Amino acid sequence: MRARLLLAVCLAAGTTLGAFNPLTPQLADAFEKKIVAVQANADLAAKAPRPTQFSEAETNSYLKFKSGPLLPTGLAEPEITLHGEGRVAGRALVDLDVVRQKQGSGGWFDPTSYMTGKLPVSAVGRIVTADGKGRFELERADISGIPVPKSLLAQMVNYFTRTAANPAGSSIDDTFELPADIRRIDVATGRFTVVQ
């Protein structure tokens, strides 16, 4: 569970990639090794900050080649773009039918009742972290390029964050504890750095 939370935080700190950023299994392996190193660093009593840098290509390679078993049902093909100054964009293929059925929604006033099937969902925002805590500040979200309200994205976040340890899921506005003794995450263009 701790590894899954660490992975989720690292991925949250990280849309479509161009040809200049090829995805490879080797880059996926590099990402995975860094995650293991970050977990190992959490057990050390170091006094100086310990930074570990992840590239956008490593992150998206991991998402493409190794994240399958960790993804919840209804979520596929995730990608992250790191814009810098804390700004990130994420995109995934979401099965809206699964989200709606599992949440028991679908009434007249529920926007998901008017969308069906697997559609690309994108969000852009800022990751703000300090003192071992983090939060996501949403700037905009869309489904198939059509802007959607924050409440609709919040419904999806709540669904996809439900686990045995957290059956109620999380809110998009929640402040969260960073795992593995991470103090902050610095997002730059094309890379992010975890500082322990």
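Miscellaneous remarks
- Most tightly packed first, judged by the mean number of other beta-carbon atoms within 10 Å of their residues, the peptides 55-66, 141-152 read 55-66, 141-152.
- Under-5 Å amide H pairs with R50, H placed in peptide plane, nonlocal only: Q196
- Heavy atoms of T81: accessible area, 1.4 Å probe, square angstrom to 10: 20 Å²
- Cα gyration tensor, segment 138-190 - rounded (a/c under 1.5), prolate or oblate: oblate
- Rounded to whole Hz, the Karplus (6.51, -1.76, 1.60) HN-Hα couplings of segment 115-125, x for glycine and proline: 10, 9, x, 8, 10, x, 10, 10, 9, 10, x
- Scalar couplings 3J(HN,Hα) for segment 84-92, obtained by applying the Karplus form with A = 6.51, B = -1.76, C = 1.60 to θ = phi - 60°, are x, 6, x, 7, 9, 10, x, 9, 8 Hz; x denotes Gly and Pro.
- Of the peptides 23-33, 44-54, the order by per-residue mean of other Cβ atoms within 10 Å, starting with the highest, comes out as 23-33, 44-54.
- Close amide H partners of R191, meaning residues 5 or more places away or on another chain with modelled amide H under 5 Å apart, are E56.
- Distance between modelled label sites at S144 and K118, nm, 7 Å Cα→Cβ extension: 1.5 nm
- The lysines within cross-link reach of K34, meaning a Cα-to-Cα straight distance under 29 Å and a gap of 8 or more places when in the same chain, are K47, K64, K66, K133.
- Backbone HN-Hα couplings from phi across segment 66-80 [Karplus 6.51/-1.76/1.60, Hz, Gly and Pro as x]: 10, 8, x, x, 8, 7, x, 4, x, 10, 8, 6, x, 9, 10
- Under 5 Å between amide hydrogens, built in the peptide plane, is the criterion, and for G169 it picks out T163 among residues at least 5 positions away or on other chains.
The values are calculated or read from the model by the stated rules, or taken from the named source; none is laboratory data. This one's a predicted model, so the numbers in the text were calculated from it and none came from an experiment. Heads up, the Cβs are rebuilt from the backbone with ideal geometry, glycines too, and the neighbour counts pull from every protein chain shown. All accessible areas refer to the heavy atoms of the entire protein, side chains included, with ligands and DNA or RNA removed. Shrake-Rupley method; radii C 1.70, N 1.55, O 1.52, S 1.80 Å.
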